[in-house]
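Below is one structure; the comments refer to it alone.
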Amino acid sequence: MTWFESPADVATRLQAAGYLADAATATTAFLAGALEKPLLLEGPAGVGKTELAKAVSRATGADLVRLQCYEGLDEARALYEWNYKKQLLRIQATNADDLDWTRTHDEIFTEEFLLTRPLLTAIRRDEPTVLLIDEVDKTDVEVEGLLLEVLSDFQVTIPELGTVAAVRRPYVVLTSNASRELSEAVKRRCLYLHLDYPDAAREREILLSQVPDLDDRIAEQLVATVGRLRDLELKKAPSIAESVDWARTLLALEIRDLDEKAVADTLGVVLKHASDHERAVRELKLAKS
C-alpha cells in the first residue's frame, strides 16, 4: 500500500481529516509510509502527537490499533497471552495418561487458545493498519525490548507457534512526552520528529479550523493569552486541545471580549492544577473569580 504520494499529499489529506500539518510534519509522515519505518513523535503533552496518528488513520481509511503504555505494562498486555482458563478446561477434559497428555499439550498451544494484544493484532492484520504505541516513555525500560522485533522486522516470535511476520506492514507511530530518555536501540529503528507548541499564527489557524464560528478577534486574544500562560512555570501548560476547548467555552458563554474577568471566570478550562491557577491569577494580575 502507498500511504501517501508526497509530503504535499500528506498535508492536503491530513487537513481534510482535521489536522493541520506543517512542512516538517508532512515530510516526516510521508517518509514513514514510503520507507516503512516507525515514526517516533516526541514533545510536551498536548501538542498533537496522538492526534497525528489518528489523523493518518482517518486520512488513509486504515484501522487504528492502539497500545496505551503505562508503568507495569508487560508482554501479556502488549503482545499476547494464552487463554489459561480455556486451556485448563481442555486439560481437565482429557484423560491423564501419557499419550493423551502429549496430544493435549500440542492442542492447547494453538490459535484457538491465543489471545492477541495490540502489537500482535497489528502484525497479523491483512487490512491497512495504523499502529499507535502511545506514551512509550511511561513504560519500564525492559518493555522496550518487546518492541525491538516489531519495530525492526515487523514480526513477533511466539515460542509455541514460531515467528509471525507481518503480511502487510502497519504504519507505526510511537509517541513520547520525554519523561525519560528512550533507548538508542528504539530510536535507531525509527524516524524522529519533535513536535512543540505551534507559533501564534499557526495556533490561530488551528483554532479557526476546529471552531469555525469563533470570531477572529477572540481567536487572537485567546492565542495571546495561552502563549502567556505557557511562558509561566506551570505544572501543566495548556495543550492545543485545551485551547480549542477554551474557544468552544467562549462561544457557549457568548463572550465576545477576552478581558481579565472573562479569563479569570473560564481559566479552569485550560488549567487543571490549583497551583497553576493561583500562579496565573498572580502573574497575569487577574481578579479572583
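No value in this document is a laboratory result; all are computed from the given coordinates. Model, not experiment: these values are computed from the prediction. As a convention, Cβ positions derive from the backbone with ideal geometry for all residues, glycine included, and neighbour counts pool all protein chains shown.
Distance distribution P(r), the stretch 5-150, all Cα-Cα pairs, bin width 5 angstrom from 0: 2, 8, 15, 17, 14, 12, 9, 7, 5, 4, 3, 2, 1, 0 percent.
Report the net charge of residues surrounding I240, where surrounding means a beta-carbon distance below 9 angstrom and charges are Lys +1, Arg +1, Asp -1, Glu -1. It would help to have the intermediate numbers written out before the result.
On the way: positive: none; negative: E51, E203, E242.
Within the 9 Å Cβ shell, the charges total -3.
Measuring against 28 Å, Cα to Cα, the residue pairs K138/K236; K187/K236; K85/K187; K49/K272; K138/K235 contain K85/K187 as the ones spanning a longer distance.
From the largest down, the chain spans 82, 43, 35 angstrom on the principal axes of its Cα atoms. To the nearest ten degrees, helix 98-108 and the longest principal axis of the Cα atoms of the chain are 30 degrees apart. Amide hydrogen proximity for R117: with H placed 1.01 Å from N in the peptide plane, the residues at 5 or more positions away or on another chain lying under 5 Å are Y80, E81.
Taking all Cα pairs closer than 8 Å and separated by 6 or more residues, the relative contact order of the chain comes to 20 percent.
Divided by 2.2 N^0.38 Å, where N counts the residues, the Cα radius of gyration of the stretch 108-231 comes to 1.50. In this structure the amide hydrogen of Y171, modeled in the peptide plane, comes within under 5 Å of the amide hydrogens of T129, V130, L131, none closer than 5 places in sequence on its chain.
At 222 nm, what value in deg cm²/dmol follows for the chain if DSSP H runs of at least 4 each add -39500 (n - 2.57) and the sum is divided by all its residues, to the nearest 500? Display every interim value, and only then the final one.
Numbers: 14 runs with 140 residues, N = 289.
Helices in the chain give a 222 nm mean residue ellipticity of -14000 deg cm²/dmol.
Rounded to the nearest 10 degrees, the angle from helix 200-210 to the longest Cα principal axis of the chain is 70 degrees.
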